[in-house]
């Protein structure tokens, strides 16, 4: 049981190559804020990549930032804020949700888990913002993919493959991301008292309007009363006009209130970080599905389980907290989903995360192909073995 | 361009193979064997390269594609997938000992789902065909390569096609939610769907832009966007390329992401104006078209800001569109840039690097030097918003040696783009055209890692061989793990 802490790429290569030769698995750790996310790997060694930190190059006019993979998100976000820019995929901070005391999530962690917030519906996920990666494969070989420009089709898009791979293919050392201007102003149009089906209908109406929503969520229990919130961002005259037009168009769903900048920012940070369900011990799930499928899905889940929940992504993302089910609700949730989406067990005890599939089980042909992809990068299956699926 | 040596034994079995393939496809005309009909397929949008395919197979269903590929896998037959054949990098250049697998019969829109803002279409549907099917409801499909009237969505997926709106709306990869794909052994896979996040490895992300080397796409679920309620454009003239470049940087630095931002240099402006008479100023060195789209309140506000920035950057003329008709006139010139250049030269060759925007004056200066060195003219159109540059090198294929000089000119531009922090190709793909330049951007280790991904999908290397990679390694060789210096123990490094 060792903890390796390479100081540079050369040492990292030596450690990974030796681990591959000895077939000894490594758990990759940077900030450690997401150590309780995914299957509990229980590996003999820890690979601490904290040394690969720091913003290396930031050119606001090129909309590109390059940083070490272990750079704290807080450091990146303050560098961007100074130039009124942002990571548009709105990376979440799940420390409360995951019971972590880590100082800050890191860029590499957010990319490795492909985590994105409410703006996902408009700007895409972490995977859509990674322009280039430098990494060391499980073979102990350094390689790079992509570049530092926003439009690049040279070679396979290995950046997308590494995004969301939970560190099971390669150890990322440096990442270039596309950054975008931060909005000047934010408004939230809030409707009250809608049930799930009406809320999804209202969000669909908003998302299908020309008002360019950057968030659409439904919080069934906010302040004891359901709240459906729609976000518009942009220059001041634009958000004023759009929020008012939206309020008028949503009249069939009730009288809407327009919420200003400060309160909006707080509201959407809460949605992003799953705050309504973050505190406590209940099993928490994140379910990605077709937006209009969520009311029926919730109906089926609620018939079988004692759940608290809220919706993001216009209904395309359902957050569930499950009380008192032996499998954390895995059976009924996946049965209700019927393969038409992806249910991930985000928070649960290590025992539960070892007992039920944390990620949606793959059809056999896809599982076989994924295993071959894994072996192309990490033939001895030493990197974060067991984090994503039991076999790799 | 060196392609794999055709296997004469395979060519000799053409008729027998055709007979086998006919068993897998219901349509009587699904397998094309005659010399004349095969000639139609001998080239794509990169017309400098040609080869007559062994056979052309046009299946009608996913099951037929699966059966054809399983046969190829079993018999070791090479396959070149083809959509509409508009590739500018030779992505569907045929092989004399391989079949063309054409997806042209997959031309139906299967489902339009406005409430989930997506459409499920077959790969042979044209890019513009998707927008045409949904625009009556106020929706559109965002990526708009200039060949959009002809190019197919399957080809767009294979090449990760772009267009003029990429900075704001992304490339194909950001606008595809799911695909059905068939692997070389006939396995049918569904990746993604109507939901946004899928777990496991992002094989959808890998398939997009894989240039037909990993699988054959048989169905695509695309994201639909609500059409912006307004669009207005500015036509801005500058006395130098530097001041135009500075204006682009200042607009983005001010936090404005235009729907489109296109630049033309002087030779391009003149070629275009002579051709379409769009009313472009001829006394400027560079011309910028900036289009703002979105809600009217936002567009009106930003038009004013961009105008102010342009003046601060030393613009010598600014026109602002006051009607959609005028806006389209601004674009008419830019959209006709390729044919306009085609009018003043027997042939032209389009290069496709992306560069950091700030380096634009450097590369334009470098190109002027190359133009003198090679004795060839060059005109530039530039997707200024995303840094994707299209130098058009003017040449005459009938003049001995000109094509070769043109290709060297293009290669010099691409290598220089990589040196200054850019890449070889922004939207046209590597194909055969840029294959041998991959080493200027990637190390052997980088390329080998990419090829190991290929091995996971197609270990026999039967899908589109000769494309993308300058050197093919056998998968067994790539898979071998080399133990360095017999090292088996952990090195003596700090442990905590």
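The values are calculated or read from the model by the stated rules, or taken from the named source; none is laboratory data. None of the values given here were measured: they were computed from a predicted structure. Ideal geometry is used to build each Cβ from the backbone, glycine not excepted, and the neighbour counts take in all protein chains shown.
Residue-by-condition table, conditions (1) more than 21 Å from the chain's Cα centre (by Cα); (2) surrounded by 21 or more Cβ atoms within 10 Å (Cβ to Cβ); (3) not in a helix (DSSP H, G or I):
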{"position": "A:276", "(1), (2), (3)": "no, no, no"}
{"position": "A:281", "(1), (2), (3)": "no, no, yes"}
{"position": "A:296", "(1), (2), (3)": "yes, no, no"}
{"position": "A:301", "(1), (2), (3)": "yes, yes, no"}
{"position": "A:308", "(1), (2), (3)": "no, no, yes"}
{"position": "A:311", "(1), (2), (3)": "no, yes, yes"}
{"position": "A:319", "(1), (2), (3)": "no, yes, yes"}
{"position": "A:322", "(1), (2), (3)": "no, yes, yes"}
{"position": "A:327", "(1), (2), (3)": "yes, no, yes"}
Total residues in the range B:372-406, condition assigned to a helix (DSSP H, G or I) and either free of Cβ contacts under 8 Å to residues at least 60 places away in the same chain or within 14 Å of chain A (Cβ to nearest Cβ) (or both): 7
Failed condition for residue B:420, given (1) surrounded by fewer than 20 Cβ atoms within 10 Å (Cβ to Cβ); (2) touching a strand residue (DSSP E or B) at 6+ places or on another chain (Cβ under 6 Å); (3) under 28 Å from residue B:382 (Cβ atoms): (2)
Checklist (1) in a strand (DSSP E or B); (2) without any contact (Cβ under 8 Å) to a residue 24 or more places away in the chain applied to residue A:262, failing item: (1)
Qualifying residue in the range A:89-103 (condition: surrounded by 23 or more Cβ atoms within 10 Å (Cβ to Cβ), within 12 Å of chain B (Cβ to nearest Cβ) and either modelled with pLDDT of 95 or more or farther than 22 Å from residue B:469 by Cβ (or both)): yes
Positions within the range B:131-174 being at the interface with chain A (Cβ under 9 Å from one of its Cβ atoms) and in a loop (DSSP other than H, G, I, E, B), in sequence order: B:138, B:160, B:161, B:162, B:170, B:171
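Kindly establish whether residue A:103 is farther than 30 Å from residue A:203 by Cα and without any contact (Cβ under 8 Å) to a residue 60 or more places away in the chain.
Taking the combined requirement at face value, the residue does not satisfy it.
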Check on residue A:65, crowded, with 24+ Cβ neighbours inside 10 Å, at pLDDT 95 or above and closer than 26 Å to residue A:352 by Cα: no
Among (1) part of a helix (DSSP H, G or I); (2) without any contact (Cβ under 8 Å) to a residue 60 or more places away in the chain; (3) more than 9 Å from every other protein chain (Cβ to nearest Cβ) - the single one residue B:448 does not satisfy: (3)
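Please state which one of B:478, B:462, B:453, B:437 is closer than 30 Å to residue A:371 by Cα, in contact with a helix residue (DSSP H, G or I) (Cβ under 7 Å, 6 or more places away or on another chain), surrounded by fewer than 21 Cβ atoms within 10 Å (Cβ to Cβ) and within 12 Å of chain A (Cβ to nearest Cβ). Spell out how you get there, then give the answer.
On the way: B:462 fails: within 12 Å of chain A (Cβ to nearest Cβ); B:453 fails: surrounded by fewer than 21 Cβ atoms within 10 Å (Cβ to Cβ); B:437 fails: closer than 30 Å to residue A:371 by Cα.
Exactly one residue qualifies, and that residue is B:478.
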Residue match in the range B:56-64 (condition: more than 25 Å from residue B:156 (Cα to Cα), part of a loop (DSSP other than H, G, I, E, B), in contact with a helix residue (DSSP H, G or I) (Cβ under 7 Å, 6 or more places away or on another chain) and in contact (Cβ under 8 Å) with a residue 24 or more places away in the chain): no
Filter result (surrounded by 16 or more Cβ atoms within 10 Å (Cβ to Cβ), under 23 Å from residue A:88 (Cβ atoms) and out of contact with any helix residue (DSSP H, G or I) (no Cβ under 8 Å at 6 or more places or on another chain)) within the range A:225-260: A:239, A:243
Hey, residue B:258 surrounded by fewer than 19 Cβ atoms within 10 Å (Cβ to Cβ) and either under 25 Å from the mean Cα position of the chain (by Cα) or closer than 30 Å to residue A:212 by Cα (or both) or not: no
Selection from the range A:148-201 of residues that are more than 22 Å from the chain's Cα centre (by Cα) and at positive phi: A:155, A:193
Any hit, the range A:13-22, residues being surrounded by fewer than 24 Cβ atoms within 10 Å (Cβ to Cβ) and more than 14 Å from every other protein chain (Cβ to nearest Cβ): no
Those helices (runs of 4 or more DSSP H) lying entirely in the range B:1-55 with at least 3 residues over 20 Å from residue B:76 (Cα atoms) and modelled with pLDDT of 95 or more: B:35-39
Residue in the range B:411-431 that is modelled with pLDDT of 95 or more, more than 9 Å from every other protein chain (Cβ to nearest Cβ) and within 25 Å of residue B:53 (Cβ to Cβ) present: yes
Restricting the range B:198-225 to residues that are farther than 24 Å from residue B:427 by Cα and touching a strand residue (DSSP E or B) at 6+ places or on another chain (Cβ under 8 Å), the residue that is surrounded by the fewest Cβ atoms within 10 Å (Cβ to Cβ): B:199
